[in-house]
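All of the numbers you see were taken from the coordinates with simple rules; none came from a lab. Because the structure is predicted, anything quoted here is derived from the model rather than measured. Every residue, glycine among them, receives a Cβ derived from its backbone with ideal geometry; neighbour counts consider all protein chains shown.
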Amino acid sequence: MINVTYGFGLQVFGNSIAAGNNASAGAGYANRVASWIGGGIDNKAVGGTGVRSITEQGNLYLPYGSRTKLVIWDGPLNDIRAGAAGALACIAPSMNAFLSSAFMGGGRGASHSQVTKTGVWTAFSDYGGRAYKIGTGNTPMQSTDPSATLTYTTPATKTVSVHSFMTEATGTLRDLEIDIDGVIYSLPLSGKARIGDVACGAALFVNGLDNVPHTITVSASSTGTKTVVDCFGWPYIPGMAPVLMGHIPYQKIWNAYTSVLNNDPLSPNYGPLIADQANAIIDAVVADWSGAGFPVEVAKVNDSYKPLTDCDTDGVHPHTIGHLNYAVPYLSKIHVT
């Protein structure tokens, strides 16, 4: 349960369901949540896309520093509809990037003067990254030198994040080795974006550290054409409104709109099977962040949303009553004060 002061307002990131498709005007589930908590709604949902665009929208529109609006993230339905089990690997890294952006209390872009560089680094502008929101000129950086490194020492913090990008083209980007005070972490990047996507934001999130400065060194840990680092961050809790992460809803027609999923329980692409696997990943990432004390909860939409009766004739989107039932798991997580 999260506490929300009445009049908080709502910021929404997601897909066409989050955008309110097939609901009558103003009757989308996000509008229901907004009316429950009061305040305005800032709906950044993009129809027909998945975690790539959701992460990009979060990078662009989540404020850097304090954040006063409740956030809804309505996740990777379209990723699994396009790639089935092949899309599962993109969920956790992109969720970590989104949540790190949502709780980004401070950060330094890879090009910042306080970041020490070895080897030759140049600006990386292929994809829109978080670093663009961390001050003028703080762009992501790239290097074709496999031995190049970036090092940054944070202020005193218990949590750190390192942002990069993952791509579908295996071998294009190098996986990262991230040394934090002598402890090695890995951020695998190659071949993890949804099939058909050029790239998706990704981040490593590490919590439970001592509340002291931490020295972070990033280097390549695999073959590829370039090493890419977006930014270093230190997510924090004070001054940050909560985030609700939505489960993937079950569908009435899993193969609608040329989805690779289907309604055959014996198929490896059986829709509910893949959705359950994706939702388990969502649960695990949220547990990591909430376990570190961040106000993040999961909305298990399938507890009350029943596609056979709540889904419209297109087989994918809720109708007006369906949006109302879709909203219930979100509302059940909110205590308005």
- Query: With springs only between Cα atoms under 10 Å, which of S161, S101, S35 fluctuates most in a Gaussian network model of the chain?
  - Reply: S35
- Task: Among the aspartates and glutamates, select those whose C-alpha is under 18 Å from the C-alpha of K158, and discard any that sit fewer than 8 residues away in the same chain.
- Result: D179, D181, D210, D288
- Distance violations [Cα-Cα > 26 Å] among K69/K192; K133/K192; K133/K333: K69/K192; K133/K333
- Message: As a footprinting exposure proxy, order R67, R194, R174, R130 by other Cβ within 10 Å, with the fewest listed first.
- Response: R67, R174, R194, R130
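Local charge sum around E168 (other residues, Cβ-Cβ under 12 Å, Lys/Arg +1, Asp/Glu -1)?
+1
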- In nm, to one decimal, how far is the T122 label point from the A284 one, both placed 7 Å along Cα→Cβ? 3.8
- Semi-axis lengths, Å, the stretch 106-235, gyration tensor of Cα atoms, sqrt of 5 times eigenvalues: 22, 15, 14
- Message: Run the Debye formula on the Cα coordinates of the stretch 257-300, all scatterers equal and no solvent, and tell me log10 I(q)/I(0) at q = 0.15, 0.21 1/Å.
- Response: -0.50, -0.70
- Rounded to the nearest 500, what is the 222 nm mean residue ellipticity of the chain from helices alone, with -39500 (n - 2.57) per DSSP H run of 4+ residues and division by all residues? -7000 deg cm²/dmol
- Message: If each residue of separation counts as 0.36 nm, what is the full-extension length gain between I195 and V328 once their alpha-carbon separation is subtracted?
- Response: 44.7 nm
- Which FRET efficiency value, to the nearest 0.05, do you get for T313 and Y61 by plugging their Cβ-Cβ distance into 1/(1 + (r/R0)^6) with R0 = 30 Å? 0.40
- Please check which bits of the stretch 255-295 a label hung off T170 would reach, taking the label as a point 7 Å along Cα-to-C-beta and the cut-off as backbone N under 17 Å. none
- How many nm separate the modelled label positions at D181 and V212, each set 7 Å beyond the Cα in the direction of the Cβ? 0.6
- chymotrypsin sites (Phe, Trp or Tyr not before Pro) restricted to the stretch 1-76 and DSSP loop, no more than 13 other C-beta within 10 Å: Y6
